[in-house]
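Working notes, beginning with the structure itself.
The values are calculated or read from the model by the stated rules, or taken from the named source; none is laboratory data. On a predicted model such as this, the values are computed, not experimentally measured, just so you know. Note that we place each Cβ from the backbone using ideal geometry, even for glycine, and neighbour counts take in every protein chain shown.
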Amino acid sequence: MEQRWWMILMITVCLFVGSSGRGLKIKHKVDSPVYNHTLTTILVEYASAVYISDLTDLFAWTCSRCDGLTKGFEVIELIVDVQNCLQAFVGVADDLDAIVIAFRGTQETSIQNWIADLFWKQLDFDYPGCTDGKVHHGFFNAYNNTIMRSGILDGVSRAKGAYGDLKIMVTGHSMGGAMAAFCGLDLALIYGSKNVQVTTFGMPRIGNAAFASYYSQIVPNTFRVTHGHDLVPHLPPYYHHFPQKTYHHFPTEVWLYDIGLEFLIYPVEKICDGSGEDPECSRSVSGNSISDHLTYFGVELGCDTPSKCSIVMTPNLASYGDVDDNGNFALYREPKLRDQ
């Protein structure tokens, strides 16, 4: 019995990367991005904080989720599209020496309804500049044809104007991950591929194989983190009999899951192949868990209020921005100087 457990332990240590990020180094191609466990556990906290509905606390970075690994973050722009129930922020993380952008996921009262809708999302929009590349217009429009894009670009411009040529890290969970991907692609085309990194959590598929190939060339430094039996990364469905016509994930997936027997459980972070649809990663299990979708690295990812599109803000916060005819707004401030 003792020998059995020793063999299990040795196999686990040798083949996988655990939650500590330690283990055998994984070989990468020269141009392949290198996964960073520590950075990912920081970014997941930003992906969690953007769900906060109290905009006063979020803008000041004093909210209940605005601590821990993200302490000291400076919000430069907070964008809220009330009409489409979207929210994002742009700011500077001094410890990362980077601009961080985070998008909120769906805030539906019932996430089951949103997930059910994902089954029926069709590829119906030709992505500009990508031959044969198709995406779903709803995911595309959420970033490109709302107040989101202009607000994000304004915030990035302000940050770079004050702090210089900082690298850009984009993150988001669920629907927020879909917007983060389109944002990262947009910023990579503007500022260059080497300056942009995208890390998403539990995001759905957003385009076909041609788009996935195009995306991976423009934003190679991308990681899609999936968790256990999380349902959302399995949607919209992938039909392997029609690889060119169906939705297709882009790489690189990092699959979080547990391995072990009886009382010995080991958390694993498996870096998947470059196909985007590695059959040995999350596709190897049934995607049937909403609870796995709402927690990554032990961090809660979801709304802090059950009400759809609920926001709270003090009256004086309105002085930091303008409201358009649809009630959408972007709050912004001039970046602080680092030597102050």
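Taking the stated definitions as given, is Phe125 modelled with pLDDT of 95 or more, hydrophobic (A, V, I, L, M, F, W, C), in contact with a strand residue (DSSP E or B) (Cβ under 7 Å, 6 or more places away or on another chain) and surrounded by fewer than 20 Cβ atoms within 10 Å (Cβ to Cβ)? The answer is yes for Phe125. Of all the criteria given as (1) closer than 22 Å to Ile115 by Cβ; (2) surrounded by 20 or more Cβ atoms within 10 Å (Cβ to Cβ); (3) out of contact with any strand residue (DSSP E or B) (no Cβ under 6 Å at 6 or more places or on another chain), the one not satisfied by Pro251 is (1). Just so you know, in region 158-210 the residues that are in a loop (DSSP other than H, G, I, E, B) and aliphatic (A, V, I, L, M) include one that is nearest to Tyr239 (Cα to Cα), and it is Ile206. Taking every residue in region 202-219 that is among the polar types (S, T, N, Q) and pairing it with any residue that is not in a helix (DSSP H, G or I), at least 6 positions away or on another chain, the pairs with Cβ-Cβ distances below 6 Å are Asn208/Leu123; Asn208/Lys134; Asn208/His248; Ser216/Phe250; Ser216/Pro251.
Under the condition of being aromatic (Phe, Trp, Tyr) and touching an Asp or Glu at 6+ places or on another chain (Cβ under 8 Å), which residue from region 48-72 is farthest from His293 (Cα to Cα)? Don't jump to the end; show me each part of the working.
Looking only at region 48-72, we keep the residues that are aromatic (Phe, Trp, Tyr), and these are 51, 59, 61.
Then drop every residue that is not touching an Asp or Glu at 6+ places or on another chain (Cβ under 8 Å), which leaves 51, 61.
Details: Tyr51: 14, Trp61: 25 Å.
Per the criteria, the residue is Trp61.
When only residues in region 199-253 that are of a type in the set (A, V, I, L, M) and touching a Leu at 6+ places or on another chain (Cβ under 8 Å) count, which is farthest from Ser284 (Cα to Cα)? Step by step, filter region 199-253, then rank; the result is Ile218.
When restricted to residues that are more than 18 Å from Asp95 (Cα to Cα) and either in contact with a helix residue (DSSP H, G or I) (Cβ under 6 Å, 6 or more places away or on another chain) or surrounded by fewer than 19 Cβ atoms within 10 Å (Cβ to Cβ) (or both), region 36-59 contains 4. Of the strands (runs of 3 or more DSSP E) lying entirely inside region 32-142, none contains at least 3 residues that are free of Cβ contacts under 8 Å to residues at least 12 places away in the same chain and either over 18 Å from Pro335 (Cα atoms) or of a type in the set (Ser, Thr, Tyr) (or both).
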